[in-house]
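Below: the structure, in C-alpha cells.
The values are calculated or read from the model by the stated rules, or taken from the named source; none is laboratory data. A quick note: this is a predicted structure, and the numbers were derived from the prediction, not measured. Every residue, glycine as well, gets a Cβ built from its backbone with ideal geometry; the counts of neighbours run over all protein chains shown. The protein model used for the area step is the full one, side chains on, heavy atoms only, and it has no ligands, DNA or RNA in it. Shrake-Rupley method; radii C 1.70, N 1.55, O 1.52, S 1.80 Å.
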Amino acid sequence: MRIAFIGLGKMGSGIAWNLLEAGHQLTVYNRSPEKTKRFADRGAAVADSPAEACRNCEAALTMLADDQAVEAVVFGKDGIASALPAGAPHISHSTISTAFARRLTSEHEANGQAYLSVPVFGRPEAAENKKLIVVAAGASDLVERFRPLFDAMGRATFVVGAEPWQANAVKLCGNFMIGSMMESFGETFAVMRKAGVDHHAFLDIMNELFGSPVYKNYGGIIADERFSPAGFVLKLGLKDIRLVLQTSDEVTAPMPFASVLRDHLLDALAHGQTDLDWSSVGIVAARNAGLK
Ligand code: NAP
C-alpha cells in the first residue's frame, strides 16, 4: 500500500521501519527532518510537509506526541486535512484524548475523509520488534481493509468498537493500569527497604505471583532505578493520566486512584524527573519514606 507516515519519534520510527520491511511504499514526514534519513536510505520518499506526504496515499498514519502535535499536523498549515484524498483514512496511533479523537472523526468526515483511532501498547523495543498490541476502533470495513498494516506492526490486533474514540479510552485505561502497577511497586519497594527486606527478592515473588512480562519489565526497571535513557518520558506519562481523568469525567465514572497517580507524577515533575522514564514515579514513594 502507498502509506504516508508522519512522526518518526521513539515509537513511530520502529513502526514505520516494519511497514517498509513488510513491502509497503512509504512517504515519511517528521518535524525534525534529520530523523527521516535512515528511511530515505531504505527507499522511502521524504516529504517537506504532512500535506505533501499524503497527496497520493491510500492511508495517512500518524504517531505523534500528544493532542497539540496531532492538531498541528492535521489542521495546521500544509496539514493532512488539506490534502488527504477522499477514501484514504487518517489512522492515528498516538495516545490522544477521547475528546480530540471525536473532533478528528467529525472534522475528517466534514471534509469527506475517514478516520480510525488505532493506538498501541508496547515500548519502543516492542515497536522495533513487531511486538506491539494494536487496538483499533472505527468503521469495521476500514479496519479490515487496513488490517495488513496492523499485522505488520504488532503481534495482535483487538477491535474494540465502531466509534474511533473508544480505542483511545481503552489505551488510556490500559496506561492507567500500568501506571498503577508502577505506583504499587514504588510503595511496596519503599516498605521492603525500610523493613530490611531485599526488594529484588520481593520482585521475584511478585513475578511468580503475577507472571506478567509488564510486571517483570517495569518492576526490574524500578528496582534497579534504570530510568535513563527513557523509553517513555515522564511528561508524556503524566499527559496520559491527565487524559484518562478527562475521559472519566466525560463518562461520569470516578477514578480516585488516577488522581493520586496524577499527583505523584506531578511530584516527580517538580523534582526534575521530566525526561526520565515515567516508571521513575516509583521513586516518589521512596522519597516520601525518607529513603535516598
Ligand atoms: P517521541 O519520541 O517524543 O516522538 C514524538 C513525535 O511527535 C516526534 O516525531 C516529534 O517530532 C513529533 N511532534 C511532537 N510535537 C510536534 C508538533 N507540535 N508538530 C509536529 N510534530 C510533533 O514520543 P514517542 O515515545 O514516540 O510517543 C509517541 C506517541 O506514542 C505518544 O502519544 C505516546 O503517548 C505514545 N506511546 C508511547 C509509548 C512509549 O513507550 N514511548 C508506548 C505507547 C504509546 P520531532 O522529532 O520533531 O520532535
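Apart from one condition, residue 17 fits all of (1) open to solvent by 10 Å² or more (accessible area, probe 1.4 Å); (2) touching a Lys or Arg at 6+ places or on another chain (Cβ under 6 Å); the exception is (2). Screening 109, 163 for residues that are open to solvent by 10 Å² or more (accessible area, probe 1.4 Å), farther than 22 Å from residue 246 by Cβ and of a type in the set (Asp, Glu) leaves exactly one candidate, 109. Which residues, counting only those in region 53-71, are open to solvent by 60 Å² or more (accessible area, probe 1.4 Å) and of a type outside the set (Lys, Arg)? Once the filter is applied, which keeps residues that are open to solvent by 60 Å² or more (accessible area, probe 1.4 Å) and of a type outside the set (Lys, Arg), region 53-71 yields 56, 58, 68, 71.
Could you check, for region 274-290, whether at least one of its residues is more than 28 Å from residue 170 (Cα to Cα), open to solvent by less than 40 Å² (accessible area, probe 1.4 Å) and not hydroxyl-bearing (Ser, Thr, Tyr)? Yes: one or more hits.
The strands (runs of 3 or more DSSP E) found wholly in region 1-99 and carrying at least 1 residues that are within 14 Å of the ligand (Cβ to nearest atom) and of a type outside the set (A, V, I, L, M, F, W, C) occupy 25-29, 59-62, 90-92.
Please determine whether any residue of region 188-200 is farther than 16 Å from residue 93 by Cα, acidic (Asp, Glu), part of a loop (DSSP other than H, G, I, E, B) and open to solvent by 40 Å² or more (accessible area, probe 1.4 Å). Yes, the conditions are met somewhere in region 188-200. Just checking, how many residues over region 20-42 are within 25 Å of residue 155 (Cβ to Cβ) and either surrounded by 21 or more Cβ atoms within 10 Å (Cβ to Cβ) or modelled with pLDDT under 95 (or both)? The number of residues fulfilling the criteria is 3. Return the pair list, or none, for Cβ contacts closer than 8 Å from residues in region 207-229 that are closer than 16 Å to residue 192 by Cβ to residues that are open to solvent by 60 Å² or more (accessible area, probe 1.4 Å) and in a loop (DSSP other than H, G, I, E, B), at least 6 apart or on different chains. Here the result reads 220/226, each pair linking region 207-229 to a residue that is open to solvent by 60 Å² or more (accessible area, probe 1.4 Å) and in a loop (DSSP other than H, G, I, E, B).
Can you tell me which residue in region 105-125 is nearest to the ligand (Cβ to nearest atom), limited to those that are of a type in the set (A, V, I, L, M) and in contact (Cβ under 8 Å) with a residue 24 or more places away in the chain? Reasoning before the result, please.
Going residue by residue through region 105-125, those that are of a type in the set (A, V, I, L, M) are 110, 114, 116, 118, 120.
Now drop any that are not in contact (Cβ under 8 Å) with a residue 24 or more places away in the chain, which leaves 114, 116, 118, 120.
Details: 114: 21, 116: 16, 118: 11, 120: 5 Å.
Applying the filter and picking the extreme gives 120.
Residues in region 127-149 that are surrounded by fewer than 23 Cβ atoms within 10 Å (Cβ to Cβ) and within 16 Å of the ligand (Cβ to nearest atom): 128, 129, 130, 131, 133. Residues of region 244-292 that are among the aromatic types (Phe, Trp, Tyr) and within 18 Å of residue 232 (Cβ to Cβ): 278 alone.
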